[in-house]
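Shown next, in C-alpha cells, is the structure this report addresses.
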Amino acid sequence: MKKAFLSTLGCKVNQFESAAFKTEMEARGLLVTGDVSEADFIVINTCAVTNKASAQSRHEIRRAARRNPLAQIIVTGCHAQLAAEELKTLHDIGQDRLLVIGNEFKPSLVSTILDHPGRVGQSLQSDMNEVRDIGRLSVTHFGSRTRAFLRVQDGCNAYCSYCIVPFTRGRSRSLPYQEVLSQAMAYAAAGHLEIVITGIHVGQYGADLQEDVDVSELMKRLCLALPSIRFRLSSIEPLEIQAKLLTLMKELDNFMPHLHIPLQSGDSDILARMNRRYNPDQFVEVVETCQKLVPEAAIGIDVLVGFPGETTKQFSNTREVLEKINCTYLHVFPYSNRPGTRAAALDGQIGRQEKQHRVELLRSLGEQKKSFFYRRHLGTKRSALLEKERTADGLLKGFTDNYIAIQAPGDDQLMNRVVTVDLQALADASVNAQIVRGT
C-alpha cells in the first residue's frame, strides 16, 4: 500500500483543504502516515501570509526532502502559488521529484499525483485573479480534532495594502448553501459536535451567489438545520457585523457567542494607508454594540503593529483604543513586508527590534484582557465541549461556548461531549472548573 504524509502550515482554510486531501487519499487506497520517512508522497500545504510563514514553508520542504530522499514532494498552498519558480531552485530537491500545485488546482491534487505521474517536475499554476468558482473539496472526518473547520468562502476583494492573500487566493468566491449544509451534515455524522465556519473573508459569503444568503442567513440556516451541533464563526470584518447576526447569536443556543474582529490599527491615518475601510471610532462602536446585544460573548481582536511609517504616537493611539475596549484577547502580529503589496514600497519601514517591542507591549495587554474576562465569569456555569485529549496534568480540557479555556477532573467517557461546567478559579492559561452536568 502506498503511503502519504501531509504537512499543513497556516490558516483554518488550509487545514480544511488538507483534511479534504486526506479524505480523498484514503478513499483512493493511500495510507496517510505520520512518519515522513516512510511516505511515498509528501504533500506540504504552505502559507505565505508573512515572510516568516514563507520561510517556515521552505524549511518544511527542505526538512521533508532530507528525511525522505526518495519520496515525491508535492508543494501546494499560498507559498507555492506565490513562489513557484523559486521552489524549483531549492537545494537538495531534485526536480524529478518535485511537483508544485497552485491553489486553483487543489481539488485535483490527489488525482494528479495518482493518475498523472508524468507531471512530476511540473508546476500547475493559474492567475488566481481570473478564477471565479470556489474549488470543491469534501471532508468525511476532520481527523482527531474535536472541532471541525468548514470552509464556506475563499479569496478576498479587499486588497489591504499589506496583504498578499488576494494575490495568492484570488477574488472572493462562496460555496452554495446546500453544499455547505452537506459538509456540515457529514461532520455531524462523523461525530463532530462543533463546526467552525471559516473562509478568507467570510463576511463576504454569498455576495457572488445567485441565492439570497449572506453570512447571517447562512449561520441561521445551519443552526436551525442541525440544532445538536455547535456552530462558531471565525474572523469577521467589523463593518460586516450586523444587528441581525448578533441577534441570532443571542437567540440561537447553538450559535456560539464568540467574535473575532480585526482592528489592525487604532490610528485613523494608519488605517487609511492600510486600505482598511473604517476608523477607530467606528470600530469601538461595533465592539460596544456587540457587548450590548451579546454581553457574554468573547471578543478577540487582531492587531498589526509596525506598519511602515507608524510613529510612536500612532502606536500609542492603537494602544489607547485597545485599553478602553472591553475585549477578551488580542492576536498581535508584527508587520511583515510582502513584495508585490503596496505597503512594501512605502517609506518608513520599522526596525525589527522596535516592532517586537510594540508587539510585546500589546501582548501583555492582551493577557490582562483575557485574565479580566476569565475572572468576570468565575462563579458562573457555562456549556463546554471537552476535547479528546487531556492536559499534561491529566485533566480534561475544552472551551466554553464563549471561548474560555477550561480544565476539569473527569472520566474519559466525557471526552468529545458537551457538558455544563462551574467556573471556579483561574489557572495559568485557563480556568479550573467542575463538571456539574453532562449531556
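The values are calculated or read from the model by the stated rules, or taken from the named source; none is laboratory data. As the structure is a prediction and not an experimental result, all values here were calculated from the model. Ideal geometry is used to build each Cβ from the backbone, glycine not excepted, and the neighbour counts take in all protein chains shown.
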- prompt: Can you tell which of ASP253, ASP214, ASP208 is crowded, with 17+ Cβ neighbours inside 10 Å and acidic (Asp, Glu)?
  reply: ASP214
message: Condition (residue is at pLDDT 90 or above and basic (Lys, Arg)) applied to segment 109-119: is it met by at least one residue?
response: no
Qualifying residue in segment 381-399 (condition: β-branched (Val, Ile, Thr), assigned to a loop (DSSP other than H, G, I, E, B) and farther than 30 Å from ASN432 by Cβ): no
- prompt: Which of the residues belonging to segment 165-193 are more than 20 Å from the chain's Cα centre (by Cα) and of a type in the set (Phe, Trp, Tyr)?
  reply: TYR177
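So, in segment 144-164, exactly how many residues are in a loop (DSSP other than H, G, I, E, B) and touching a helix residue (DSSP H, G or I) at 6+ places or on another chain (Cβ under 6 Å)?
Final tally of qualifying residues: 7.
Is it the case that segment 285-292 has a residue that's in a helix (DSSP H, G or I), at pLDDT 95 or above, among the acidic types (Asp, Glu) and under 22 Å from LEU239 (Cβ atoms)?
Yes: one or more hits.
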- prompt: Which residues, taken from segment 409-431, are part of a strand (DSSP E or B) and closer than 25 Å to HIS260 by Cβ?
  reply: VAL418, VAL419, THR420, VAL421, LEU423, LEU426, VAL431
- prompt: Taking into account only those residues within segment 124-165 that are under 16 Å from TYR187 (Cβ atoms) and β-branched (Val, Ile, Thr), which is surrounded by the most Cβ atoms within 10 Å (Cβ to Cβ)?
  reply: VAL152
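Which helices (runs of 4 or more DSSP H) does segment 47-98 wholly contain that include 3 or more residues that are touching a residue at least 24 places away in the same chain (Cβ under 8 Å) and under 19 Å from the mean Cα position of the chain (by Cα)?
Correct list: 51-67, 78-82.
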query: Going by the structure shown, is LYS370 in contact with a Ser or Thr (Cβ under 7 Å, 6 or more places away or on another chain) and in a helix (DSSP H, G or I)?
result: yes
